[in-house]
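Notes for the one structure printed next.
The values are calculated or read from the model by the stated rules, or taken from the named source; none is laboratory data. Please read all numbers here as calculations on a predicted model, not as lab measurements. All Cβ positions, glycine included, derive from the backbone under ideal geometry; neighbour counts span all protein chains shown. Remember, those area values only see protein heavy atoms, side chains included, never the ligands or the DNA or RNA. Shrake-Rupley method; radii C 1.70, N 1.55, O 1.52, S 1.80 Å.
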Amino acid sequence: MESRLDYFGHPLAGKVLRHINSAGKAVSDSTLPASVQELVKIRASQINGCGFCTDMHTKDAAAAGETAQRLNLVAAWREATVFTEAERAALEVAEQGTRIADAAGGVSGEVWANAAKHFDEEQLVALISLVAVINAYNRINVINQQPAGGYQPGQFG
């Protein structure tokens, strides 16, 4: 499989990605736990069918010490007993925030209230922002048909 174009090598894409990367850096530097961030990125990428981002974030999470069991169960987190209540709340926000078109109204009040029990205001801002950023990356890669499988942990810094 080949991508439709060399998006990552294009000068305009470089300008766009610098801004998205800056937003992503602000989120990664927040107090939202890094493990929660990776789980959210993985789940949104699974929902969007983004093989490139799923490959990247599962490998980065594994390199950071995430277990294979938890990585294998992200897609079925509701039935899995290996996630904390905070992680489950974040995964639900990620799902509803990613499936806005399916959920007419986005994240429900109940889901938001549950997340607010586990995360402070900065972390909630980071969670919202993370869902937006990973969805932007997913859309770029899915539209461009960016191949998956060759990512090396830490490849992009």
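Data for the structure
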item: Paired Rg and Dmax values of segment 1-124, which use every Cα atom, in angstrom; result: 15.6, 45
item: Centroid-to-centroid separation of segment 10-61 and segment 83-157 [C-alpha atoms, Å]; result: 9 Å
item: By average C-beta atoms within 10 angstrom, highest first, the peptides 81-89, 6-14; result: 81-89, 6-14
item: Relative contact order for the chain, counting Cα pairs under 8 Å that sit 6 or more residues apart, in percent; result: 40 percent
item: For segment 6-56, alpha-carbon Rg and Dmax in angstrom; result: 12.6, 34
item: Surface share of carbon and sulfur [accessible, 1.4 angstrom probe, percent] for the chain; result: 56 percent
item: Principal semi-axes in Å for segment 65-157 [√(5λ), Cα gyration tensor, largest first]; result: 24, 19, 14
item: Dipole magnitude (debye, nearest 20) for the chain, charges at Cβ of Lys, Arg, Asp, Glu; result: 400 debye
item: Count of Lys pairs (Cα-Cα under 19 Å; at least 8 positions apart or interchain) in the chain; result: 4
item: Charge dipole (debye, nearest 20) of segment 60-153; +1 at Cβ of Lys and Arg, -1 at Cβ of Asp and Glu; result: 280 debye
item: Charge tally in the Cβ shell below 15 Å around D55, where Lys, Arg are +1 and Asp, Glu are -1, D55 excluded; result: 0
